[in-house]
1. In contact (Cβ under 8 Å) with a residue 60 or more places away in the chain and more than 7 Å from chain B (Cβ to nearest Cβ), is that true of residue A:52?
2. Considering only the range B:146-163, state which residues are more than 13 Å from residue A:110 (Cα to Cα) and more than 7 Å from chain A (Cβ to nearest Cβ).
3. Taking the range B:52-79, which residues are without any contact (Cβ under 8 Å) to a residue 60 or more places away in the chain, within 7 Å of another protein chain (Cβ to nearest Cβ), part of a helix (DSSP H, G or I) and within 15 Å of residue A:85 (Cα to Cα)?
4. Listed residues A:45, A:71, A:29; which is in contact (Cβ under 8 Å) with a residue 60 or more places away in the chain and closer than 22 Å to residue A:165 by Cβ?
5. Got a sec? Which of B:86, B:132, B:117 is in contact (Cβ under 8 Å) with a residue 40 or more places away in the chain and in contact with a helix residue (DSSP H, G or I) (Cβ under 7 Å, 6 or more places away or on another chain)?
6. In the range A:28-66, how many residues are buried (at least 24 other Cβ atoms within 10 Å of the Cβ) and part of a loop (DSSP other than H, G, I, E, B)?
7. Looking at (1) modelled with pLDDT of 85 or more; (2) under 26 Å from residue A:156 (Cβ atoms), which is the only condition residue B:69 fails?
């Protein structure tokens, strides 16, 4: 029970601290799940994110289900997921019920303009950590650069990048194996 | 039965919206057209609210639509509808992954996926940086290079970066709180 409660509370905290969608969750996940609880490694986080890109649903939810499932099976997956959505449920319901024009309020606009600056620094910092674990040679550097530039300058769906780079991983490794023989 | 319908519509959204929160948007427009539960204008408000509250955007949207159509039970049911397909799909994949984690080809796939994953996250970070550190609209109007940068934003980013490096043990939430305060104190949105 204790462990399930820990899962719920940790993921509720992650959900409550995620500002601006799934990617903004990454720095908080790294801190809570990788560094503090040691429930997953940086590599596993990247795998979950990539899988979350090509499976249906919200990425934050997918990642929570993955980590919960790994720790405590199906029940763990469900508990972690309920945890990650719990703060939204409370906060959004309160706002919808009591505050009119919430997103037009000057204090909210200013606060969130400030938070966005922080989120981009946090995401940058998170990317540097992931970079060290994922860009290990010239070929993975090529994959990183291609995906980064194409996602910035085109509107191709992330799904396509994930499928192609998975295939590229297999081809490059098999080719490498052939050359060594 | 409105609750059943809410669950069903959001279940479908959760099942077919691939690639994160904003991917739910076209489905929500579809629900709006079909049911009349909310207008397109309300949907735009919901996006703004979702973006200015914590939590995954897709989940926030489901909760908001659920609440406006069916009160608190509606909020809970729409949210559960949205996350049920993810939970099912991920549980199946996680089981599969456990069995095949050590397979050579699965390892190869991840060798390709990890840098791609990092690239996608870097691109998302870059798009937030463009919004918060640059003033593209103002620059296009005036053409002055001084207007291209949001100096307040860049200064805050530099301060936060310095603090993160100096105090790596401090929880990211502290920096988020600090930036919210700075945003209000120095009117980051200009209002």
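1. Taking the combined requirement at face value, the residue does not satisfy it.
2. Answer for the range B:146-163, where residues must be more than 13 Å from residue A:110 (Cα to Cα) and more than 7 Å from chain A (Cβ to nearest Cβ): B:146, B:147, B:148, B:149, B:150, B:151, B:154, B:155, B:158, B:159, B:162, B:163.
3. Residues satisfying the conditions are B:57, B:58, B:59, B:60, B:63, B:64, B:67, B:72, B:75, B:76.
4. On the way: A:71 fails: closer than 22 Å to residue A:165 by Cβ; A:29 fails: in contact (Cβ under 8 Å) with a residue 60 or more places away in the chain.
A:45 is the lone residue from the list that is in contact (Cβ under 8 Å) with a residue 60 or more places away in the chain and closer than 22 Å to residue A:165 by Cβ.
5. Checking each option against the conditions leaves just B:86.
6. Count: 2.
7. (2)
Listed here are the residues, each with its yes/no results for (1) at the interface with chain B (Cβ under 10 Å from one of its Cβ atoms); (2) more than 18 Å from residue B:174 (Cβ to Cβ).
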position: A:6; (1), (2): no, yes
position: A:18; (1), (2): yes, no
position: A:23; (1), (2): yes, yes
position: A:28; (1), (2): yes, no
position: A:40; (1), (2): no, yes
position: A:43; (1), (2): yes, yes
position: A:56; (1), (2): yes, yes
position: A:59; (1), (2): yes, yes
position: A:73; (1), (2): yes, yes
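The values are calculated or read from the model by the stated rules, or taken from the named source; none is laboratory data. Here the structure is a predicted model, which means the values were calculated and not measured. Note that each Cβ is placed from the backbone with ideal geometry, even for glycine, and that neighbours are counted across all protein chains shown.
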